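The values are calculated or read from the model by the stated rules, or taken from the named source; none is laboratory data. All values derive from a computational prediction rather than experimental measurement. When we count neighbours, we look across all protein chains shown, and the Cβ atoms used for this are built from the backbone with ideal geometry, even at glycine. Heads up: the accessible areas ignore ligands, DNA and RNA and are worked out on the full protein's heavy atoms, side chains in. Shrake-Rupley method; radii C 1.70, N 1.55, O 1.52, S 1.80 Å.
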Amino acid sequence: MDDLQVMEEQGSSLWRDAWIKLSKNYLALFGLGVIVLLCIVSLLTPWIAPYGYEEQDLMLGATAPSLQHWLGTDIFGRDMLTRIMYGGRVSLMVGFIATAVALVIGVLWGAIAGFVGGRVDAVMMRIVDIMYALPFMIFIVLLMVVFGRNILLLFLAIGAVEWLTMARIVRSQVMSLRKQEFVEAAYSLGLSQWTIIRRHIIPNTLGPVIVYTTLTIPSVMLLEAFLSFLGLGIQPPESSWGLLINYGVETMEEYPWLLIFPGVTLSLTLFALNFLGDGLRDALDPRTSKD
Amino acid sequence: MKPQVPVSTSSAFFTISLILLCSLLLGSCGSSENNVSKGNRTGTLHWGNGTEPQSLDPHIATGVPEHKIIVALMEGLVLKDSKTLEPRPGVAESWEISDDGRVYTFHLRDNARWSNGDPHNAHDYVWSWWRALQPALGNLYAYMYFSIENAKEYYEGEISDFEQVGVKALDDLTLQVTLKNPTPYFLQLLDHYSLYPVHQATVEKFGTADQRGTRWTYEGNIVGNGAFQLRDWKINRRVVVERNPYYWNADNVRLNEIVYYPTENAITEERMFRAGQLHYSGTVPADKIATYQSNNDPALRIDPYLGVYFYRINVETPQLQDKRVRRALGMTIDRDQLTERILKAGQIPAYAITPPGTMGYYPESDLRFDPEAARQLLADAGYPNGEGFPSTEILYNTSEGHRKLAVAIQQMWKKHLNIDVTLLNQEWKVYLNSVSMKDYQIGRAGWIGDYVDPNNFLDMFLCNGGNNRTGWCNPAYDKLILEDAAEAETHEQRLAIFTQAEKMLLADMPVIPIYIYTSNNLVDPSVKNFSGNILNQPSFSEIYLESDNGGQQ
Amino acid sequence: MLRFAFNRLLQAIPVLLIVISATFFLVHSAPGGPFSADKAVPPEVIRALEAQYNLDQPLWQQYISYLGDVLQGDLGPSFKYSGRTVNELIAAGLPATAELAMYAMLVALIIGISAGVLAAMRPNTMQDYLPMSAAMLGICMPSFLLGPILVLVFGIHLEWLPVSGWGDIPGDKILPAITLGTGYAAYIARLSRGGMLEVLSQDYIRTARAKGLSEPLIIFKHALRGGLIPVVAFLGPAFAGLLGGSFVVETIFQIPGLGRFYVQAAFNRDYTMILGMTVFFATLIILFNLLSDMLALWLNPKLRQQAGGDS
C-alpha cells in the first residue's frame, strides 16, 4: 500500500511541482515570454501592422530597411514588417495546431501499441508502416483537389504525417517502461490498464515527447513552407514565415534582408520554444525531484 | 544483466566513422581545373540543359531540352541561318519551288551519310515521314506535316494509302514534296526536329516502326545524320555527344564534344555557370539579371524570343461573358511596370498575340493601358466602380515567375477597377486538366512559336482549335485564317488578312496579351560564334571555344 | 530474435499489398493523366498511347495485371521516359542516393551523438547550452537554406569546393553530405541528450559512479548503450527516409538520385514510376524499421526476453 500512496501523491502534485520548478528556470521563462508576446502580436496584427499586407508599390520595388519601412520592402514594394507579422499568424497557427494533432494521435497510438503489445502492437505498428510508405505528395494533391484548398486540411494533412515518428518514439519508450518495477507494482495492485497508462506511462514518457514536440513544431512550419511553395498550401498574397524564407533564399545575394528578417524571426521563435520545451521536460520529469 | 557494450565496440564505431569521413574529405581535395577552362582546352562544351530529356526520338520528343540535344544528333533537309533564320542548305544542297508554290524538289548531297557510315538518301525521308504520321507513335507534332498534301487525311485515317501523300523519292538523291496550298513557311518546317529523318534499320532493329519506347535512341544504338553522335546518356546526370566523322560538313565542325547537364533548378544552374562548371545556361533567374546588367557582364545575352505570355479568359464565366469586361481587364494591366519592375529582362509589353516582326508582320492593336476608359467600360457592363462584380480567380501553374505576375496583376485590377481577384495555383498536370476542361475563369498561358509565321499564333483561336480553350468562337475569324489567308496571292495580302483577324480577336479579347518573351542566356566569353535568334536555336556545328587568355582548342 | 524477424517479415506481406493497392487507386484518381501536355493532344494520340500502356482496360484489370508483374519483380515501363523501365530508373538513381544517405548519416551520427553526450554530461551549463543551441539552429536551418548558403560560401566565394555534381569533380560530395546530415545531426543531438539524461539518472550509473569509475568509462561502457535507445528508434525511419532520396538536396546539388525521380514522377503522373518507387520505398521502410527494432532489442535486454515470448 505504501508504494501506491507515494505514486498517487506524485501524480497529483506533478503539475504544481512542475510550475514551481519552471518558474525558477529563467531561460524557460524567457522562452515562454517570447511565445506569449508573439501570440499577442499575431492576434493584434490587423490593428497594429504599419501597412496592408498586400499593399504594393511596384515603382518602389525591393528596398533595404529605412525609416518608412523598418525591415525593408520586397520586390513588389510591400512592407516586410507587415508581411512578417501576417506570416506569423499563419506559421504559428500551423505550427501549433498541426503539432497538436500529431501529438495527440502519436502519443495515444504509440502508448497503446507499446503498452498492450502482442498482436495489437503488431497491427498498429504495421498501420504506421503503411502510412509511412504512402506517396505523401500525391496524397496531398488529391486531398486538395477533392476537398478544395482549405487551411484546416493543411493542418490535418501535416498532422497526419508528423504523428508517425511520434508514435514510434512513444512506443519504444513505453515498451521499456512497461517492465520497470513501479509499473509492475501497479499491475500487482490490480489497477486497470487505462489507469496505469494515464497515471504512470504517460507522465513518464513526457520527457521524450516534449523534446520531440519542440522538434516537430519547426519541421511542421517548414513542411508548410514546402507545400505552399509547391502550390499546395496557402495562396498568395497571403504568406507565412516559411514561405517568406523560401522566397528570400532565391534572392539572398541581391536582397539579403528578405531572408534575414524572416529567418531571424523564425529562429527566435524556435529557440524560445526550445528553451520552454527543455524547461518543461526538466520540470515534468518525476525523477528529477529525487536529485 | 547490466548493459555491456565493450569499450572497444563503441570506440571502434567512432574510429571507423572518422576514417570513413576523413577519406570522404581527403579523397576530394587536390586542386582541380574547372569545367570551362578544361573544356576550352579539350574542345568540350558544357551546356546547362534544363531538364532530363524524355526521349531523343525526334518523332516523339516535344520539349526544349530534347530539342537542344536532337539538333546536335540529327539534321533536316534544310537548315536555318543561325542569325537571320533564312533557309540554308542542309542535307539538301539545293531545291526548286514550282511557280504555283506547291511543289518543292530537293536535291540531296551525295556525301550525306548516317553516323554509322550508311548512305543517306531520299528514301529515308519518305520512310521517316511515313513513320511520323503513324497515329500509334503518338507524335504530338504531327500537325507540322499538315501543309503537305493529304498528310492530315492520312494521319486521321481518311485515306490509308501513303502513296497519295505528297512525298516522293524521284531517285536516290531527289525528293519531291507537294503541298496542299502554297505555304510560305514550309522550308522553315524542315528544320524542325519532327521532320528529321530517322535511320530505318536501327529503328526496326529495336522494334516496329510505330512502336514507342524502344531502345533505339540509347547510347550505342542510335544512328543519326547530324554533326554529333551520342556517346553517353546517364539519367539525371548528363548526356554526352561527340563529333560524327561521317557528317557531310564534319571538316567545319570545331567542337569535339558537348556535355548536356539536366538541371531543373534555374538557381542551381546559374550558380554552376558562375562557378565555371558550365559554358552556357539558358535560364537566368529574374532577380539575377539586374546584377549581371549592372556589372556589364558580357556573359548575359538577351534576345527577343518568338513567344507570347498571355491570360486566357473562359468566356463562359458569367461575369466574363461581356466583352467590355474583358477589354476593361486588358486595359488595366500596366505592362510597362510589369516588364520593368518584375520581369526585368527586356521583355516587350504585348498588346497583341502575335509578336511584332514575325515574317514582316506588325499587328495593329488599339489596346492601351487606360484605366479611365476601362472603368467606363466596366460601368457600361453594369459594374460601376466594380460594385457587384463577383470575385474572380486567376489560375496559374505553380512557378515563381507566374506567381509574381499574378500577384501584381491582382493588385492592378484591385486598384484600377476595384474588383476582387483571388489567385489559385495548381500543380502542372492539375492545371493542364483544369484548362482543357475549361474549369477556370482566367488562366495564365504562354505560346512559343514552332515556326516564324503569324499563322502559328493566330490559328490557336479557331473555333475547334485544340489550344483555344477559351470557349471563344467566331466563324468570320475562322474563315479569314483557314480560307482567305491560305489562298492569298501575295505576302502583303496574306499579312493584311492576318491583321484583320487579329483585330477581331483583340476586339473580343478572349485572351489578354501581356508580354513578348525574351531569351536570357548566360554564355561564357570563350564560346565563339554563338548567335542569338528569335527561336533561341543554337547551331552547334558553328560554335567553337577559344579562351581569351590564350587557351586554344 | 530470428523468430521475431521472421514474424515481422510475414507481417510485411499484407502491409505491402495494402500500400500497393492504396497507391494504385490513389494515383489513378489524381487529376491529369500521364499524357496531358502543354499543347493540345489529339484524341487519336491519347487513344494510341493508352492502348500501348494498357490504360484503356478497366481499372481493376490493370490492377490485377500490375500485381502480377510486381510479384515477378517487374515494375513496368516508365510513361514519361520513353523506353526506360522503372527497375532501370530505380537502379540508376539508387547508388547516388545510397551513397549520399550513408555520408549524411555518418555526419549526423558523429556530430549528433558527440554533441548530445557532451551536453548530457554537464546539463544546464555552457557545455550543454552551446551544442544544444547549435542543434536547434541546425533544425531550423532547413536544407533549402543551408545548401545555398554553403554553396555560396564554399563554392562561389572561397572556391574551395564544387557547387554541384556527383562524382564528376573531386570534392563534390562534401557539401551535399553536410547539408543533408546537419538536420539529422540536430535531431540526434537532441534525442541522445534526452536519452543520456534518462540513463545517467538511473541507479546503476549512480552505483558505477559510487564505485569511482572514471566518467568517460561510465559514459562509454555503461550509459551510451541505454542512452541511445531513442536515437535508434529514430534511426530506422530516418535512414529509410534518406534512401527514399532527398528531393531538395538532390535538386540543389544536381545529384542523380531517387528523390528527383520520385517528385518528378508525381508531377508527371508517371503512374508506374510512382507505384514502383512506392513499393521500393515501402520495402525499405519495413526493413529498416525491423532493423531498428532489432537493434533496440539488442540494446535493451529486458525487451529481448519479452519479445522472445511474443507470439
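Tabulated values for the structure
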read-out	value
Å² of accessible area per residue within segment B:68-173, as computed with a 1.4 Å probe and no ligands counted	40 Å²
Sequence-distant residues sharing a close amide H with C:Ser246 (under 5 Å, placed H)	C:Gly259
Buried on assembly, segment C:42-58 (at least 10 Å² less accessible surface than by itself, 1.4 Å probe)	C:Pro42, C:Glu44, C:Val45, C:Ala48, C:Leu49, C:Gln52, C:Tyr53
With DNA, RNA and ligands ignored, accessible area of B:Ser55 (1.4 Å probe; Å², nearest 10)	0 Å²
B:Thr398 - accessible surface, heavy atoms, 1.4 Å probe, Å² rounded to 10	40 Å²
Net +/- balance of residues flanking A:Thr82 in space, Cβ distance below 13 Å, scoring K and R +1, D and E -1	-3
Accessible area per residue, Å², segment C:89-265 with all protein chains present, probe 1.4 Å	31 Å²
Number of partner chain Cβ atoms within 10 Å, mean per residue of B:429-437	6
Inter-centroid distance (Cα atoms) of segment B:501-549 relative to segment B:436-469, Å	20 Å
Per-residue HN-Hα couplings for segment B:160-177 [Karplus 6.51, -1.76, 1.60; θ = phi - 60°; Hz; x = Gly/Pro]	10, 9, 5, 4, 7, 6, x, 10, 9, 8, 6, 8, 4, 10, 10, 10, 10, 10
Per-residue SASA entry for A:Ile97, accessible area with 1.4 Å probe, Å² rounded to 10	70 Å²
Vicinal HN-Hα couplings computed from phi for segment B:254-262 (Karplus, 6.51 cos²θ - 1.76 cosθ + 1.60; Hz; Gly/Pro x)	10, 7, 8, 7, 10, 10, 9, 10, x
Lysines whose Cα lies under 23 Å from that of B:Lys168, excluding same-chain neighbours fewer than 8 positions away	B:Lys152, B:Lys180
Inter-centroid distance (Cα atoms) of segment C:238-257 relative to segment C:275-289, Å	15 Å
Spatially proximal lysines relative to B:Lys68 (Cα-Cα < 23 Å; intrachain offsets below 8 disregarded)	B:Lys38, B:Lys80, B:Lys83, B:Lys234, B:Lys528, C:Lys39, C:Lys80
Whole-angstrom gap from segment B:343-364 to segment B:268-289, using each part's C-alpha centre	26 Å
Distance (nanometres) between label positions extended 7 Å along Cα→Cβ at C:Leu9 and B:Glu153	6.7 nm
Inter-chain shielding of C:24-33 (mean C-beta neighbours from other protein chains, 10 Å cut-off)	6
Residue mean of other protein chain beta carbons inside 10 Å, A:247-255	5
Computed FRET value (nearest 0.05) for A:Arg198 with A:Val36, which takes r as the C-beta separation and R₀ as 30 Å	0.55
Straight-distance crosslink candidates among lysines, where the alpha carbon sits under 19 Å from C:Lys221 and sequence neighbours closer than 8 are dropped	B:Lys2, C:Lys211, C:Lys302
Relative contact order (percent, whole number), chain B, Cα cutoff 8 Å, 6+ residue spacing	19 percent
Interface C:B - total buried accessible surface [probe 1.4 Å, Å², rounded to 100]	5900 Å²
Calculated FRET value between C:Leu67 and B:Glu400, using beta carbons and R₀ = 45 Å, to 0.05	0.65
Computed over segment B:377-478: relative contact order in percent, which uses C-alpha pairs under 8 Å that are six or more apart	24 percent
By accessible area with a 1.4 Å probe, ligands and nucleic acids excluded, highest first: order of A:Asp129, C:Asp203, B:Asp251	B:Asp251, C:Asp203, A:Asp129
Residues whose placed amide H lies under 5 Å from that of B:Lys528, excluding near-sequence neighbours	B:Tyr544, B:Leu545, B:Glu546
Protein accessible surface hidden between C and A, which excludes ligands and nucleic acids, total in Å², probe 1.4 Å	5100 Å²
Ordering of B:115-121, B:482-488, B:468-474, C:224-230 by burial proxy (mean other Cβ atoms within 10 Å per residue, highest first)	C:224-230, B:468-474, B:115-121, B:482-488
A:Leu152-C:Leu217 FRET efficiency (beta carbon distance; Förster radius 60 Å; 0.05 resolution)	0.65
From phi via Karplus (6.51, -1.76, 1.60), per-residue ³J(HN,Hα) for segment A:106-120 in Hz, x at Gly/Pro	x, 5, 4, 4, x, 5, 5, 4, x, 7, 6, x, x, 5, 4
Ranked by how many other beta carbons lie within 10 Å on average, peptides A:77-84, B:68-75, C:208-215, B:80-87 from highest	B:68-75, A:77-84, B:80-87, C:208-215
Shielded by partner chains, segment B:200-243 residues - at least 30 Å² of accessible area, 1.4 Å probe, vs chain alone	B:Arg212, B:Gly213, B:Arg215, B:Tyr218, B:Ile235, B:Asn236, B:Arg237
Protein accessible area in the protein assembly as shown, 1.4 Å probe - carbon and sulfur %	59 percent
Computed [θ] at 222 nm, helices only, for the protein assembly as shown once each DSSP H run of length n ≥ 4 contributes -39500 (n - 2.57)	-16500 deg cm²/dmol
Nearest 10 degrees, 0 to 90: helix C:2-29 Cα axis against chain C principal axis	40 degrees
Mean Cα-pair separation over length for segment B:45-105, i.e. relative contact order, pairs under 8 Å, 6 or more apart, %	18 percent
Span-like helix ranges in chain B, DSSP H, alpha carbon extent 24 angstrom or more, Kyte mean at least 1.0	B:7-26
Amide H within-cut-off set for B:Leu300, under 5 Å, with H built and near neighbours excluded	B:Val523
